[in-house]
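Below is one structure; the comments refer to it alone.
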Amino acid sequence: MRQTQDELSTTFQALADPTRRAILARLAQGEATVGELAEPFDLSLPGISKHLKMLQRAGLITQGRKAQWRPCRLETDRLKDVSDWVGRYRHIWEERFDRIDEVLRDLQKEERPNGHSDPNRGEPHDS
Amino acid sequence: MTADLTIDRETLQLTMSRVFDAPRELVFKAYTDPELFARWWGPARYENIVEKFDVRPGGEWRVIQRAADGGTHVFYGVHREVVPPERIVATFEYEPFAGHVMVNTADFEDVEGKTRLTVTTQYSSIEDLEGMVQSGMESGARESWDRLAALLATV
């Protein structure tokens, strides 16, 4: 399922806060009540509620309907989209870096017999 | 060897960085020599055909990636800043999403004879980012809690 751009934007915004990321990390271990989530952060209940609302709006968590208990739970679909995108970017550049490494090794092999790097190719030699 | 990835979520800017065991001039050359560029820009299963590669401020570049089945992807842009052997800034567009411009900045930093290469991609809008996601490679890896945890650790 593709998100609309606004949804993804909201997701990024929601992730852009260490407390909210810590809440998500806690929820990755299982459901928790608002009180349980507030505890480690030294936050007031209204304070934690504000964060939870943002996470809910971003589709990152849902809150149960049962009165009193109302546990929060992690919704993984939205995180998956962000994770997919970031992972793909990382993968592309890691592959490129690996190949740059190979190219550099080849170049150094070619140049080693002369003992010096190749000063041509039009770059200024600033050493 | 892994690279460092950092994400600026507010600005949708992604940064990858790695130290290469080679002098800065050589890493810069690998990045700016069209023949060498074609060897690493990948993905590996595509052949890179460098049509234009004018590494000067205002100079255009255009690369066609050809898959084994003949399918092609066209990428192009303009070099904005060229400071050998320190920095290259170039715009990046993918033909099906022409007009959605990304800006790639590559910084080459001397680290005791080695070179730290830092590449930053600036997306101008979420829509551009989404376009790249959709045009990107199919994701082979199945999602797992590990990966979500890893994401939470990086963002």
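Numbers below:
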quantity	calculated
Hits in the range B:18-42 (condition: within 18 Å of A:Trp93 (Cβ to Cβ), more than 7 Å from chain A (Cβ to nearest Cβ) and either crowded, with 20+ Cβ neighbours inside 10 Å or touching an Asp or Glu at 6+ places or on another chain (Cβ under 6 Å) (or both))	B:Tyr31, B:Thr32, B:Phe37
Count of the range B:54-72 residues which are open to solvent by 40 Å² or more (accessible area, probe 1.4 Å) and within 15 Å of the chain's Cα centre (by Cα)	1
Residue, nearest to B:Leu36 (Cα to Cα), within the range A:84-96, restricted to residues that are at the interface with chain B (Cβ under 7 Å from one of its Cβ atoms) and surrounded by fewer than 18 Cβ atoms within 10 Å (Cβ to Cβ)	A:Glu95
Residues within the range A:50-71 that are under 22 Å from A:Gln13 (Cα atoms), surrounded by 15 or more Cβ atoms within 10 Å (Cβ to Cβ) and not β-branched (Val, Ile, Thr), tallied	9
Among residues of the range B:80-103, those that are away from chain A (no Cβ under 14 Å) and basic (Lys, Arg), counted	1
All strands (runs of 3 or more DSSP E) inside the range B:38-110 with 2 or more residues being out of contact with any Lys or Arg (no Cβ under 9 Å at 6 or more places or on another chain) and touching a residue at least 12 places away in the same chain (Cβ under 8 Å)	B:60-66, B:72-83, B:87-94
Any chance A:Leu15 is within 14 Å of chain B (Cβ to nearest Cβ), under 17 Å from the mean Cα position of the chain (by Cα), at pLDDT 85 or above and closer than 21 Å to A:Asp81 by Cα	no
Sole exception among (1) closer than 20 Å to A:Phe97 by Cα; (2) touching a helix residue (DSSP H, G or I) at 6+ places or on another chain (Cβ under 6 Å); (3) modelled with pLDDT under 80 for B:Thr154, by number	(2)
Scope the range A:72-83; condition open to solvent by less than 10 Å² (accessible area, probe 1.4 Å) and away from chain B (no Cβ under 13 Å); matching residues	A:Cys72
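The values are calculated or read from the model by the stated rules, or taken from the named source; none is laboratory data. Computed from a predicted structure; not experimentally measured. When we count neighbours, we look across all protein chains shown, and the Cβ atoms used for this are built from the backbone with ideal geometry, even at glycine. Just so you know, the surface numbers come from the protein's heavy atoms only, side chains and all, with ligands and any DNA or RNA stripped out. Shrake-Rupley method; radii C 1.70, N 1.55, O 1.52, S 1.80 Å.
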